[in-house]
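A.B. asks: Before we start, here is the structure in question, set down as structure tokens.
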Amino acid sequence: MDPIIKYFTKFFIGPIFVFAVYVVTYGHVLPGEGFDGGALISTVFILCMIVFGREETRAHLNISVALIVSALAALGMIAIGFLGFAGFREGHRTFFDNFLAPGIPRELFSGGIVPLLNLMLGIIIGAGFYALFGYIVTFRKNGGERK
């Protein structure tokens, strides 16, 4: 890839990643922001793979590690769901029950378990999309053989 593109990519991946973390962190204020933030996180890694090459990007973040992180985040989301059965609040014993204090509206810690679920969803989507793109790039249409 052209050195100018590599230079500007190095310049832009930091702000994109910070914005993605912001979207995931404040995602409980608007619906669906965990997914959007996860897509932005995966965009950073996919952009690096396109610009710097698959081998250099995989040296920093292996696809297998991304799959493991995605699976662990999914297990974390299920664990948060099962914590609703623990009955931390009286009369509340359901799956994905809000066991945290609701807080003050429009504040960072105001959504109960929703910010935790958005964080898990952002990790699942970010790592999952990166792994999916990595496998598509690695296993091209030549009979499933590695390129």
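A.B. asks: Could you check the stretch 50-62 and list, in sequence order, the residues that are in contact with a Phe, Trp or Tyr (Cβ under 9 Å, 6 or more places away or on another chain) and either buried (at least 20 other Cβ atoms within 10 Å of the Cβ) or charged (D, E, K, R) (or both)?
C.D. replies: Across the stretch 50-62, the qualifying residue is only T57.
A.B. asks: Give the residues of the stretch 93-112 that are closer than 18 Å to G34 by Cα and of a type in the set (D, E, K, R), sorted by residue number.
C.D. replies: Those that are closer than 18 Å to G34 by Cα and of a type in the set (D, E, K, R): R106, E107.
A.B. asks: Based on what the data block shows, is G111 surrounded by 17 or more Cβ atoms within 10 Å (Cβ to Cβ), touching a residue at least 24 places away in the same chain (Cβ under 8 Å) and not in a helix (DSSP H, G or I)?
C.D. replies: It is true that G111 is surrounded by 17 or more Cβ atoms within 10 Å (Cβ to Cβ), touching a residue at least 24 places away in the same chain (Cβ under 8 Å) and not in a helix (DSSP H, G or I).
A.B. asks: If you don't mind, there's one more thing I want to ask. Using beta carbons and a limit of 6 Å, which pairs, at least six apart or on different chains, have the first residue in the stretch 45-70 and part of a helix (DSSP H, G or I) and the second one modelled with pLDDT under 85?
C.D. replies: C48/T57; M49/T57; V51/M1; R54/V137
A.B. asks: Please list, ordered by first then second residue, the pairs with beta carbon atoms under 7 Å, 6 or more apart or interchain, first in the stretch 71-93 and over 22 Å from I125 (Cα atoms), second open to solvent by less than 50 Å² (accessible area, probe 1.4 Å) and assigned to a loop (DSSP other than H, G, I, E, B).
C.D. replies: L83/F99; G84/D97; G84/F99; A86/F99; F88/F99; R89/F99; R93/G87
A.B. asks: Still on this model: Restrict the check to the stretch 90-103 and report whether at least one residue is open to solvent by 70 Å² or more (accessible area, probe 1.4 Å), among the charged types (D, E, K, R) and outside any helix (DSSP H, G or I). First the steps, then the outcome.
C.D. replies: Narrowing the stretch 90-103 to residues open to solvent by 70 Å² or more (accessible area, probe 1.4 Å): 90-91, 93-96, 101-102.
Next, from what is left, pick out any that are among the charged types (D, E, K, R): 90, 93.
This time we only want the ones that are outside any helix (DSSP H, G or I), so: 90, 93.
Scanning the stretch 90-103 turns up at least one residue that is open to solvent by 70 Å² or more (accessible area, probe 1.4 Å), among the charged types (D, E, K, R) and outside any helix (DSSP H, G or I).
A.B. asks: Restricting to the stretch 1-47, name every residue that is surrounded by 16 or more Cβ atoms within 10 Å (Cβ to Cβ), farther than 20 Å from H60 by Cβ and of a type in the set (F, W, Y).
C.D. replies: Residues satisfying the conditions are Y26, F35.
A.B. asks: Out of (1) under 25 Å from I113 (Cβ atoms); (2) part of a helix (DSSP H, G or I); (3) over 14 Å from the mean Cα position of the chain (by Cα), the odd one out for F35 is which?
C.D. replies: Failing condition for F35: (3).
A.B. asks: A further question on this structure: Of the conditions (1) over 22 Å from F129 (Cα atoms); (2) open to solvent by 70 Å² or more (accessible area, probe 1.4 Å); (3) among the aliphatic types (A, V, I, L, M); (4) part of a helix (DSSP H, G or I), I78 clears all except one; give me its number.
C.D. replies: Among (1) over 22 Å from F129 (Cα atoms); (2) open to solvent by 70 Å² or more (accessible area, probe 1.4 Å); (3) among the aliphatic types (A, V, I, L, M); (4) part of a helix (DSSP H, G or I), the lone unmet condition for I78 is (1).
The values are calculated or read from the model by the stated rules, or taken from the named source; none is laboratory data. Small disclaimer: the values here were computed from a predicted structure and weren't measured. Positions of Cβ are generated from backbone atoms using ideal geometry, with glycine treated the same way; all protein chains shown enter the neighbour counts. Surface accessibility is based on the protein's heavy atoms, side chains included, excluding ligands, DNA and RNA. Shrake-Rupley method; radii C 1.70, N 1.55, O 1.52, S 1.80 Å.
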